[in-house]
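Enquirer: This is the structure, below, for whatever I ask next.
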Amino acid sequence: WPKVMKFTYGTCSSMYILCGYLGYFAYGSAARANLNSNFPNNSLNTASIVVQLVVTYYCIYVTSLVMMLHIEQHVFGIDPRVSCGEATP
């Protein structure tokens, strides 16, 4: 396991440094740390940021909820309809 971690951190760190160097080489010191602030401030860019946030929150929260529901139902045998009082006879 330690070999895997060393390889992973070595690869990720090398790629991070390479991307940072290439980004600085391409855009110079004029580039800002927040990538979205490098784009023009218009309604299309704002809409793009909103879509990115919605997709991110969906991928993080909704998929986690679905996974937890699946675990509750199939691993622990908990029926949420019974737990919430909405069971049908």
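The values are calculated or read from the model by the stated rules, or taken from the named source; none is laboratory data. Every value quoted in this text rests on a predicted model; they were computed, and no experiment measured them. Accessible surface is based on the protein model in full, side chains and every heavy atom, while ligands, DNA and RNA are left aside. Shrake-Rupley method; radii C 1.70, N 1.55, O 1.52, S 1.80 Å.
Enquirer: I'd like the Karplus ³J(HN,Hα) series for the stretch 18-25: coefficients 6.51, -1.76, 1.60, θ = phi - 60°, whole numbers in Hz, and an x wherever there's a Gly or Pro.
Expert: 5, 5, x, 5, 5, x, 5, 5
Enquirer: Roughly speaking, to the nearest percent, how much of the chain's 1.4 Å accessible area is carbon and sulfur?
Expert: Exposed carbon and sulfur together represent 71 percent of the surface.
Enquirer: What are the ³J(HN,Hα) values, in whole Hz, obtained from phi via the Karplus relation 6.51 cos²θ - 1.76 cosθ + 1.60 with θ = phi - 60°, for each residue of the stretch 51-61 in sequence order, with x given for Gly and Pro?
Expert: 4, 4, 5, 4, 5, 4, 5, 4, 5, 7, 8
Enquirer: Mind running the shape call on the stretch 13-64? Use the C-alpha gyration tensor, a ≥ b ≥ c as the square roots of the eigenvalues: rounded below 1.5 for a/c, prolate if a/b tops b/c, oblate otherwise.
Expert: Because a/c hits 1.5 or more and a/b fails to exceed b/c, the stretch 13-64 counts as oblate.
Enquirer: To continue, here is another question. Which entry in (i) 19.5, 56; (ii) 15.4, 51; (iii) 22.3, 68 matches Rg and Dmax of the Cα atoms in Å derived from the coordinates of this structure?
Expert: (iii)
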